[in-house]
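Read through the structure below, which is laid out as structure tokens, and then see the notes.
The values are calculated or read from the model by the stated rules, or taken from the named source; none is laboratory data. Remember, it's a predicted structure, so these values are computed and weren't measured experimentally. Positions of Cβ are backbone-derived with ideal geometry, glycine not excepted, and every protein chain shown enters the neighbour counts.
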Amino acid sequence: LKLTSSSSSSKLKNSKSNTNAESTVPIKTDKNVTLDINIESPPCTLYGTTINSTGSLLSGILVINVINNINNINITNINMSFVQNIKYNQPHSFNDCHDCRNKSLTLFNWSFLENNDTVTPKGLYSYPSSKLLSGKLPQSTKINNTIINYLLVVELTYKQKGKDTKVTLTLPIQITHA
């Protein structure tokens, strides 16, 4: 994943994200930092029924490139989450309840850096990650009035001249059952 500011436009380099054994999806660019996630695992396919599936491995490398450090950038926090979103377009008895229509659950979280107070030199930094996804997860789907999807969300905060800047990157992850 390329670390970039959340205010920048986003475009997918590989629209079939997570379908190849190794894929890179640059999303955004900040004037000081870029973020990339290289997904190394095969597609997240859960074999068997939800009762007997052993799950699927999701692994990759978070790559951070500090491209401009003239003004002493300090990366203070780097976090990545795997999130399940469920959206009910027309819930049966919740017509006016927005909180009832959208559910978001963080399934797991990686904290690569917390409360760092040292200057981050210009260069590339890699953070490997992996997680065995439960075979009990529902697959990514859009049927009738329900949408289930999964996202890797990376949040990086850096400080420059006393000002905090937050950079967010979101990568969709497709989960299927076979």
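Is it true that L133 is touching a Leu at 6+ places or on another chain (Cβ under 9 Å) and modelled with pLDDT of 90 or more?
Values: touching a Leu at 6+ places or on another chain (Cβ under 9 Å): yes; modelled with pLDDT of 90 or more: yes.
So L133 passes the test.
What strands (runs of 3 or more DSSP E) lie completely within segment 61-178 and have 2 or more residues being surrounded by 14 or more Cβ atoms within 10 Å (Cβ to Cβ)? Steps first, answer last, please.
Numbers: elements: 74-88, 102-113, 123-133, 141-143, 146-160, 163-173, 175-177.
So the answer is 74-88, 102-113, 123-133, 146-160, 163-173, 175-177.
Give the residue that is nearest to G162 (Cα to Cα), with candidates limited to residues of segment 39-60 that are outside any loop (DSSP other than H, G, I, E, B) and among the hydroxyl-bearing types (S, T, Y).
Step one: list which residues in segment 39-60 are outside any loop (DSSP other than H, G, I, E, B), which gives 39, 44-46, 56-60.
So of that shortlist, the ones also among the hydroxyl-bearing types (S, T, Y) come out as 45, 56, 59.
Numbers: T45: 45, S56: 42, S59: 35 Å.
Result: S59.
Is one or more of the residues making up segment 134-149 over 30 Å from C100 (Cα atoms) and either free of Cβ contacts under 8 Å to residues at least 40 places away in the same chain or not hydroxyl-bearing (S, T, Y) (or both)? Steps first, answer last, please.
Step one: filter segment 134-149 for residues over 30 Å from C100 (Cα atoms), giving none.
Looking through segment 134-149, none of the residues is over 30 Å from C100 (Cα atoms) and either free of Cβ contacts under 8 Å to residues at least 40 places away in the same chain or not hydroxyl-bearing (S, T, Y) (or both).
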